[in-house]
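To keep things clear, I will list the structure first and then write my remarks on it.
The values are calculated or read from the model by the stated rules, or taken from the named source; none is laboratory data. Please read all numbers here as calculations on a predicted model, not as lab measurements. Positions of Cβ are generated from backbone atoms using ideal geometry, with glycine treated the same way; all protein chains shown enter the neighbour counts. Heavy atoms of the whole protein, side chains included, go into the accessibility calculation; ligands, DNA and RNA do not. Shrake-Rupley method; radii C 1.70, N 1.55, O 1.52, S 1.80 Å.
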Amino acid sequence: MSIRRTVGGPNTAPRTMSYNPAENAILITYDAGGESYELFMLPKDGGRGEVVGDSRRGNGVGAVFVARNRFAVLDKQSNNIIIKNLDNEMTKKCPAPCTTTDNIFHAGTGSLLCRSEDKMILFDLQQRAAIAELASPYIKYVVWSTDMSRVALLSKHAIVLADRRLGHS
């Protein structure tokens, strides 16, 4: 299935993608023209072809699903994490756990991994609190095991392995 690019023009490559199997939706983030994202609702029948119809767009960094019908976006200008529903409407706003937070990553339902220059922070959205911190180099990618019990944090020159609570493996 192909998705028509509408943010930043035809030469803009996506930066990240987050899939929500419960709602058959995807979030794609782009760097071009400032950080932005698009939310696409895919056909329920799993048909082939091109996704047509309007996407829901917005500005922010690291758009990731955090619940069945919610996703989080980091607003770097205000240093807030914005929770939105699938209609792209804000439902909650909370301050990021660190003033230097520059990206967010999926960490399971109701949780985020927040990246700053020298650490990763496990952030609980319900409690609006940092659960754990892990000193690390500048992380580019986060890969979770299938059962979400372990995580690999990938930087340019290192791979940091940790358990669900960011304890070293």
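Worth a mention:
- Protein accessible area in the range 53-169, 1.4 Å probe - carbon and sulfur %: 47 percent
- Packing-based order for 114-123, 80-89, using average beta carbon neighbours within 10 Å, highest first: 114-123, 80-89
- With the highest mean first, a sort of the peptides 149-156, 126-133 on other beta-carbon atoms found within 10 angstrom per residue produces 149-156, 126-133.
- Over all other residues within a Cβ to Cβ distance under 15 Å of Met90, the charged ones net out to +3, with Lys and Arg as +1 and Asp and Glu as -1.
- Candidate cross-link partners of Lys156 among the lysines, defined by an alpha-carbon separation under 29 Å and a same-chain spacing of 8 or more, comprise Lys76, Lys119, Lys140.
- Tensor-based shape of the range 100-169 (alpha-carbon gyration tensor, a/c under 1.5 rounded, otherwise prolate or oblate): oblate
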